[in-house]
């Protein structure tokens, strides 16, 4: 094959984990993608989850973290959100796979005689299906470089077949495939010295699958010194410059810049046989500098129910909301102080609602089920009556409508049928097409999912924030504001400033600015379409209003 054709082939970077999970493979993939994108290459990112679940839609947020929804409605792992936020691209279902999805595909093909009657085996047929899916996605996105994250850590039984796919691809095209391992380098407090042995063991375990890493990303609470880099390089069979320091940072958006301090993009391009191009991270650096230099703080209280997991707080359940708030804070030049508030606390002690006055703004994110619902409704009422800027997302809009119906319209038993199926005043009801799904207990991927268009009222708070007539936003819900109550709610002063094109579905509810500084809630999830370079306009409007309350 000619040298020109070799250069035109897609290159693949696989990212695996070592020592322990949760050390930042998703941020590593996103950051590698960003620095290569900044060098002028068309980059796509791919996540492989080693779960039997076909998608992430039925996973519990307190165990797995947020379910991220793509534009085509596919429910995925939260790392897909990181890829989109860093790369500024919209990915689709072809960029995500699970063990369950791969096995399902292979079994369906076998049933359809696509294997022509031969014996279908775990190896090589499962790895081949993995490879087919990766290459199909890459072709669709016309990518120069594909970065693929394999969930879990090396040595786990669950991801061994995906590592086998990496090995097979490396054998097929050795010049086009490289592997990076993200490994934790601990500094035990009683020892006071960085220990490289866990990383050495992780790399040897990876070697046992037939894969030698090309890059070692060393995660630690501090930068690696040269001695530790040399030690890892010696015992893991790589060059010292191939050991990349990845210390803890105040903001994840510093990671691409830290990688470039170790010349990671140059190293990757050299290993992939690609010509070097000029760097283009100026806008990114400017935003990161703005985050660092922010002096004034905006205090936001997030009232939810997916925080507590044992003795710990799991903020990952709302990671897109958190990042969207950070993007907006950066946009207005403020630092962000977030406080997690469990809504059940307000049910146990109503007097605690007064603590909401200490925040510049309050946000209620999406959720499901009835636990903590009365606490959220009480918090919404307190924000409405005390002029505290309020931003509700999905369930946060539905409950805002319930609160308004109860306490302004005077319908005391108004409720959502999600929490009370027998309510006589279902101001929030299930969408007609969803009723059969619930009857048949068909819960997976059956909600209103993905992009839907909304038409904006021009002089509304939302219309001014967007400065557009229509928007496309991502949804994930089964319930809607009941059309039978819309006129009553409007007459009582609630404004529905965005609807579906046919006017049937209410997409945004708000109060006029003359009545409240900022009271707005969306049926969709705007947090899924925010990034550091392009913050979502509704989050920016919310933080501007919150900063305004702080000044007052």
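Only alpha carbons enter this Debye calculation for the chain, each as an equal point scatterer, and the log10 of I(q)/I(0) it gives at q = 0.05, 0.10, 0.12, 0.13 Å⁻¹ is -0.23, -0.87, -1.18, -1.32.
When each of the peptides 323-330, 484-491, 267-274, 108-115 is scored by how many other beta carbons lie within 10 Å of its residues on average, the order from highest to lowest is 323-330, 267-274, 484-491, 108-115. Remark: relative contact order (the range 294-551) = 23 percent; criterion is Cα-Cα distance under 8 angstrom and separation of 6 or more residues.
Only Cα sites of the range 10-286 enter the Debye sum here, all with the same form factor; the resulting log10 I(q)/I(0) across q = 0.12 1/Å is -0.73, listed in q order.
Using the Cβ-Cβ distance between residue 60 and residue 271 with R0 set to 60 Å, the FRET efficiency from 1/(1 + (r/R0)^6) comes to roughly 0.95. Cα-based values for the range 294-551, radius of gyration first and Dmax second, are 17.2, 54 Å.
Stretching residue 293 away from residue 132 to a fully extended chain increases their span by 53.3 nm, per 0.36 nm per residue minus the current alpha-carbon distance. The mean sequence distance of close C-alpha pairs (under 8 Å, at least 6 residues apart), as a share of the length of the chain, puts its relative contact order at 15 percent.
Structural descriptor for the range 10-286: relative contact order 26 percent, calculated from alpha carbon pairs under 8 angstrom and at least 6 residues apart.
The stretch between residue 349 and residue 187 holds 54.1 nm of extra length on full extension. This uses 0.36 nm per residue minus the Cα-Cα distance. When both bridge partners sit in the range 294-551, DSSP labels roughly 50% of those beta bridges antiparallel. Whole Å is fine, so just give me how far the alpha carbon centre of the range 103-175 lies from that of the range 214-291. The distance from the Cα centre of the range 103-175 to that of the range 214-291 comes to 29 Å.
Of all beta bridges DSSP finds with both residues in the chain, what is the antiparallel percent, to the nearest 5? Percent antiparallel among DSSP bridges in the chain is about 30.
The slack in the chain from residue 221 to residue 500, taken as 0.36 nm per residue of separation less the alpha-carbon distance, amounts to 95.6 nm. Summarising the label geometry, the points placed 7 Å from Cα in the beta-carbon direction at residue 20 and residue 357 lie 4.2 nm from one another. Taking the DSSP beta bridges with both ends in the range 10-286, the antiparallel portion is around 10 percent.
Its DSSP H runs of at least 4 residues, each contributing -39,500 (n - 2.57), put the calculated 222 nm mean residue ellipticity of the chain at -11500 deg cm²/dmol, to the nearest 500.
Can you give the FRET efficiency for residue 424 and residue 337, using 1/(1 + (r/R0)^6), R0 = 41 Å, r = Cβ-Cβ distance, to the nearest 0.05? Once the sixth-power term is evaluated, E becomes 0.45.
Spacing of the modelled spin labels on residue 534 and residue 488, each 7 Å from Cα toward Cβ, amounts to 4.1 nm.
Bear in mind that the values in this text are calculations on the coordinates, not laboratory data. Please read all numbers here as calculations on a predicted model, not as lab measurements. With ideal geometry, Cβ positions are generated from the backbone for all residues, glycine too; neighbour counts draw on all protein chains shown.
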